[in-house]
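Heads up: the structure comes next, in structure tokens.
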Amino acid sequence: MDYKIRAARKEDCKDIARMIMELAVFEKMPDQVKISYKELERDGFCQNPFFECLIAEVSDAHRSKCGHTVVGYALYFYTYSTWKGRTVYLEDLYVMPEFRGNGIGKSLMSKVAKIAAEKQCVRLQLSVLDWNSPARDFYAAKGAQDLTDSEGWHFIRFDGLSLDNLVKEAPQD
Amino acid sequence: MEFTIRAANVDDCKDIARMITELAEYEKAIDQVRITQRDLEQDGFSKNPFFHGIIAEVPEPHKTKEGHAKVGYALYYFSYCSYRGRAVFMEDLYVMPEFRGKGIGKALMSKVAQLGLAAGCQQLNFTVLDWNKSSLDFYLNQGCTDTTAEMGYHYMCCKGEALEHLAHGQL
């Protein structure tokens with residue numbers, strides 16, 4: 001299936017908000033979502049944005065059952081390790097269920113890693129719920145190290161060789 | 001003991017690097033430290049900084065034996081929770097051992113909370129090593145919630161009323 005990975009625009013915030021809620025439902029915490037597309041517009045597209053976002057988009061011919069062409073996103077921001085230096089934190093990675101298995105999640109993640117490498121980030125970190133086996137397997141397959149075993153969340157890091165390999169898989173612009 | 005809390009500037013990077021090393025030694029991870037004073041200068045004090053810092057400083061009569069007046073720091077950055085919006089992450093909080101017990105750590109942490117609230121943040125998050133009981137107790141006593149029980153690190157979140165109290169506790 002053809003798809004495109006691109007930087008999110010302000011106009012995408014309604015779709016991003018939709019998908020954030022879909023992810024929250026999956027993570028069994030929809031009541032925890034307190035922000036709407038308006039906060040995303042304000043916080044992601046101001047002079048000093050709090051986050052950056054990539055979108056996965058399909059053509060009209062492949063629209064979802066509900067008519068969406070924006071079918072996945074990766075939301076991330078830059079952080080800092082006082083031991084290692086610049087890092088990037090992948091806050092959300094999500095692909096609508098009907099579009100999974102097409103490499104979209106991998107492409108989104110790789111693109112984030114590529115952007116991070118361009119900014120000389122030495123780590124890509126994220127967290128995952130321990131019962132979320134498909135997600136844990138997905139990240140483990142990419143050489144992620146599980147740094148934390150917890151009652152719900154795992155802190156994950158990419159660095160060195162696993163990060164380089166992830167960058168190599170980034171889709172061409 | 002008198003002390004001041006102020007925003008870090010580029011000239012503080014030498015002392016911040018020194019204290020990062022001290023903190024890493026305490027956390028038994030000195031071999032993991034890769035960044036230098038120069039990295040801090042570039043990454044914290046350029047056009048799009050990766051972090052912000054605040055410093056705790058004591059006056060002349062209270063300097064350390066080695067002559068240090070900068071005795072504590074907190075390093076933080078803004079993050080984002082896709083469910084709740086703007087957040088602040090406190091990456092490091094450190095006070096030199098001989099200056100502990102004087103409210104400096106709490107003042108630094110409160111200042112971070114205050115700066116976070118002023119920037120519209122809904123959470124103050126950080127992590128702590130599970131064997132670091134004195135730090136864990138220090139944080140839990142501020143009304144924080146331990147949202148993650150882990151092998152080594154605990155993911156901490158200060159929000160709502162606890163965050164308000166922390167920010168208003170600022171000296």
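What do you reckon, how do B:Cys81, A:Cys13 stack up by accessible area (1.4 Å probe), largest on top? Working shown, then result.
On the way: B:Cys81 25, A:Cys13 0 Å².
So, going from the largest accessible area down, we get B:Cys81, A:Cys13.
Take the Cα of A:Cys66, step 7 Å toward its Cβ, do the same at B:Lys63, and the gap between the two points is 6.4 nm. Highest average first, the peptides A:106-113, A:66-73 ordered by how many other beta carbon atoms sit within 10 Å of their residues are A:106-113, A:66-73. Peptide B:70-81 has a mean shielding of 4, counted as Cβ atoms of other protein chains within 10 Å of each residue's Cβ. Peptide B:99-105 shows a mean partner chain C-beta count of 0 within 10 Å per residue C-beta. Indicate the gyration tensor shape class of the stretch B:1-67 (rounded, prolate or oblate), computed on the Cα atoms with a ≥ b ≥ c the square roots of the eigenvalues: a/c under 1.5 is rounded; otherwise a/b larger than b/c is prolate and the rest oblate. Since a/c reaches 1.5 but b/c is at least a/b, the shape of the stretch B:1-67 is classed as oblate. Take the Cβ atoms of B:Asp137 and A:Cys46, set R0 to 45 Å, and the FRET efficiency comes out at 0.70.
For the stretch B:1-36, a drop of 40 Å² or more in accessible area on going from the chain alone to the assembled protein chains (1.4 Å probe) is found at B:Gln32, B:Ile35.
Among rounded, prolate and oblate, which fits the stretch B:63-146 when a ≥ b ≥ c are the square roots of the eigenvalues of its C-alpha gyration tensor, a/c under 1.5 means rounded, and a/b larger than b/c means prolate? Note, shape of the stretch B:63-146 comes out prolate.
When A:Asp12, B:Asp31, B:Asp137 are compared by accessible area of protein heavy atoms, the largest-first order is B:Asp31, B:Asp137, A:Asp12, using a 1.4 Å probe. When the label point is put 7 Å from the Cα of A:Glu22 along its Cα-to-beta-carbon vector, which residues of the stretch A:50-89 have a backbone N closer than 12 Å? A:56-58, A:63-74, by backbone N distance to the label point. Residue by residue, the stretch B:86-97 carries 3J(HN,Hα) couplings of 4, 9, 10, 10, 8, 6, 9, 9, 8, 10, 4, x Hz when phi is fed to the Karplus relation 6.51 cos²θ - 1.76 cosθ + 1.60 (θ = phi - 60°); x denotes Gly or Pro.
Rounded, prolate or oblate: which fits the stretch B:1-138, taking a ≥ b ≥ c as square roots of the Cα gyration tensor eigenvalues, rounded meaning a/c under 1.5, else prolate when a/b beats b/c? Rounded is the answer for the stretch B:1-138, as its axis ratio a/c remains below 1.5. Sorting B:Phe126, B:Phe78 by solvent-accessible area of protein heavy atoms yields B:Phe78, B:Phe126, largest first, with a 1.4 Å probe.
On the basis of the beta-carbon distance and an R0 of 51 Å, A:Lys34 and B:Val10 show a calculated FRET efficiency of 0.90.
Among the protein heavy atoms, those of B:Arg34 account for about 150 Å² of accessible surface (1.4 Å probe, every chain in place). Here is the interface size for B with A: some 3200 Å² of accessible area buried, both sides summed, with a 1.4 Å probe.
The values are calculated or read from the model by the stated rules, or taken from the named source; none is laboratory data. Only a predicted model underlies this, so the values are computations on that prediction, with no experimental measurement involved. No Cβ is skipped: glycine too gets one built from the backbone with ideal geometry, and neighbour counts run over all protein chains shown. Just so you know, the surface numbers come from the protein's heavy atoms only, side chains and all, with ligands and any DNA or RNA stripped out. Shrake-Rupley method; radii C 1.70, N 1.55, O 1.52, S 1.80 Å.
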